[in-house]
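This report concerns only the one structure given below.
A short reminder: the numbers here are calculations on the coordinates, not readings from a lab. None of these values were measured; they are calculated from a predicted model. Glycine also receives a Cβ, built like all others from the backbone with ideal geometry; neighbour counts cover every protein chain displayed.
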Amino acid sequence: MFKRISYIIALQFTLFVFVLFMVNGAIFLAADFSNARRQSQARLQRTLQDVITIRNINGQMPPHLRDRVRIVDDAWTPLYAGGFFDEIPLERIAGLSRINIHNEQYSILTAPITVDAEVRGYIQVADVERFQRSDLPLRALLYLFVSAAISLLTFIVGLFFARSSLQPAERMMKQLEQFTQDASHELRTPLTMLNSSLDLALKNEKYKEGILSAKEDVKQVSELVERLLDFTRIDALTIGRASLDMSLLVDQTIEKYQLLAKERGITIEKNIAQNIRVNGDMSLLRQMIGNLLSNAIKYNNDNGTITVSLTKHKLKVEDSGIGIDAQNVPHIFDRFYQVDASRSKGGVGLGLAFTKKIVELHGWRIAVASNKGKGTTFTVSLNS
Ligand code: ADP
């Protein structure tokens, strides 16, 4: 689809350039034509002036002028005709006129010769037109050829630019398609389970258990929909940017999770440098820290430990939990990826993907290091 759009954009652009060039060519030709005519008229006028002046001085004309002059008496009987006029028929004309001989255009200027305010004859000067009308098709063809060549170049360059401009949109579209597919797939499982719970309740007539089980499934669907919405709602344009105290934010978030940790005898150790300020979105960053902490609790052993440290450049969440297999580590930030769904306690495999998205939208990076059976460390580099 994007290929077709690129072609259409490039074609439209090319058509525009082609028309522009043709219009430009037509204007240029017309201007050239009228300019050549004006110049030839001025030249004739000058020649006529020269002829009259020279004749007045010594009655002689230099050879280059002599050839282009014809003199007639008042009855239009030729008195003198230069070589140029061999082919030009004698006609009673006045002022400027044009004549076509053997497909060549001549311009002729005729002026009366007056003596004591009485017309005694006429003098004609002639010149070949510099811009011949017969040249017009050839020149137009040349313009057409140049325009076509430039248009072809425009099409190639236009196609290249259209393709490269549309690439991010294409990538986004593919991601969106993939996301929709993944989401529909993930929603199907709890919905099937919901259906089975209700079927079973109808069959066994154990309505209370059926409804309770169905409520659990509905809760999972809601959780999934909620996470999906979180995921789709944020992008570079929607996140807020404010200078905030990261030290305070980390500390406050840890406090929120203390109770959950205590329930399983987990100790959270803090190693937080004070007054670390970052530029970011407060509620998203709270979610990011919360996700890492809740995973560190969820995937920890009872009575385990979690160490949270913050420096100017790094936020680290380290746990002494179950760890992740080396083969699973590369997929840990993928959407809907869960190493062991039964341990994720209602999780849907979107927490880390969302965390990564938040980190990247802030221009930061996140990395994971894990030792199966020993623990996992998530490190967020706070430098853009
Ligand atoms: P979930 O909703 O399943 O917790 P997450 O995206 O938060 O989804 O995490 C994806 C998977 O990564 C989890 O299912 C779990 O297997 C693994 N995981 C995440 N954090 C940890 C951790 N601290 N220790 C061990 N495994 C973890």
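Sorting Trp76, Trp364 by the number of Cβ atoms found within 10 Å of their own Cβ, with the fewest placed first, yields Trp76, Trp364. Overall form of the range 246-333: oblate. Here a/c, set by the Cα gyration tensor axes a ≥ b ≥ c, is 1.5 or more, and a/b is not larger than b/c.
Principal-axis analysis of the Cα atoms of the chain puts helix 136-204 at an angle of about 20° to the longest axis.
Taking the Cα centre of the chain as reference, the dipole from Cβ charges on Lys and Arg (+1) and Asp and Glu (-1) amounts to some 900 debye.
A simple spin-label model places the labels of Glu104 and Asp32 2.1 nm from each other, with each point 7 Å out along Cα-to-Cβ.
Sorted ascending by nearby beta carbons within 10 Å, beginning with the fewest, Asp245, Asp74, Asp319 become Asp74, Asp245, Asp319.
What does the charge count around Glu129 come to, taking other residues whose C-beta lies under 10 Å from its C-beta (Lys +1, Arg +1, Asp -1, Glu -1)? Overall, the nearby charge balance is +1. For the chain, the longest principal axis of the C-alpha atoms and the axis of helix 351-361 are separated by about 40°.
The long axis of helix 207-233 is offset from the longest Cα principal axis of the chain by roughly 40 degrees.
For the chain, the relative contact order comes to 11 percent (Cα pairs under 8 Å, sequence separation of at least 6). Using a ≥ b ≥ c from the Cα gyration tensor of the chain (square roots of the eigenvalues), is it rounded, prolate or oblate, where a/c under 1.5 gives rounded and otherwise the larger of a/b and b/c decides, a/b for prolate? Here the chain falls in the prolate category. How charged is the neighbourhood of Asn271? Take every other residue with its Cβ under 12 Å from the Cβ of Asn271, and add Lys/Arg as +1 and Asp/Glu as -1. Local net charge: 0.
Once you reduce the range 6-31 and the range 351-372 to the center of their Cα atoms, the two points are 51 Å from each other. Just check the range 166-234 against the gyration tensor rule for me: Cα atoms, a ≥ b ≥ c as the square roots of the eigenvalues, rounded for a/c under 1.5, and otherwise prolate or oblate depending on whether a/b exceeds b/c. Since a/c reaches 1.5 and a/b is larger than b/c, the shape of the range 166-234 is classed as prolate.
Each Cα pair under 8 Å and six or more residues apart adds its separation to the average, and for the range 97-136 the resulting relative contact order is 37 percent. Taking every C-alpha pair closer than 8 Å and separated by at least 6 residues, the mean separation divided by the residue count of the range 152-237 gives a relative contact order of 23 percent.
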